[in-house]
C-alpha cells in the first residue's frame, strides 16, 4: 500500500511545481564610451595591443573614429624594401622564373655532357686498367709465393739450427729472420763490391794507358 501512496504524492508534486524551461541569458550590452585605445604608459596593457597590427585592426573597424593616423600604418621605406625583396624571393615574376628555369636547364645539360665525357674517358681506359689490375694481382700472388717459400726455408734452417720446429710468429723466429737478413745484406754488399772491382779491372785491361812520345831532338844549325 505504501507504493501506491508514494506514486500519488509524486503526481501531486509534479502538478504543483511547473517544469523548468531552458534559459538563455541575453548577450552583454556593449559599453558606450567610444573606441578603446590602449594606454602605452599602463604596465598592464598587453604588448600585442601596442603593435601596428592592432592599430590597423582598429582603423579597419572604426575608421577615422579610431583616432589612428593611417599614414602610420604604411610601412617605412626600409620595411617596404624588405617586403619587396621578400616578395621577389618567394613570388618571383614570370621573367625571373623563366631565367631561373633556363639557367637550371643549362646547368643540367652541362653536367650531363661532363658526365658522358667522363664515362667515355673511363671506358677508353678500361682495357689498360684491367691489364694493370691483372698484372698487380699476378705480382701480388708471386710475392705471396716468394714470402711463403722464404718462410718455409727459414723455418727449415731454424729447425736445423735449434733441432726442433718453430712457430714463424714467435719472437725467437723473428730474431732469427732479422739475423739472417743482416747476413744476406752483408753478403750482397760484399758481392756488389767485388763486381765493381772486377769491372774496374776489365776496363783497365781493355783501355791501356797511352805511351808518351818523346820530342825529336833539334837539328844542329
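Computed from the coordinates by the stated procedures, all read-outs in this text should not be read as laboratory data. From a predicted model like this one, the values you see are computed outputs, not experimental measurements. Virtual Cβ from ideal backbone geometry, glycine too; neighbours counted across all protein chains shown.
A few remarks follow.
- Each label was represented as a point 7 Å from its Cα along the Cα-to-Cβ direction; for residue 191 and residue 95 these points are 8.4 nm apart.
- Centroid-to-centroid separation of the stretch 134-149 and the stretch 32-108 [C-alpha atoms, Å]: 77
- Remark: the residue 138-residue 71 segment gains 15.4 nm on full extension, using 0.36 nm per residue and subtracting the alpha carbon distance.
- Gain on full stretching of the segment that runs from residue 167 to residue 153 - 0.36 nm per residue minus C-alpha separation: 3.7 nm
- Sorting the segments 146-154, 123-131 by their mean number of nearby beta carbons within 10 angstrom, highest to lowest, gives 146-154, 123-131.
- Mean Cβ neighbour count within 10 Å, used as a protection proxy, ranking 178-184, 39-45, 51-57 highest first: 51-57, 178-184, 39-45
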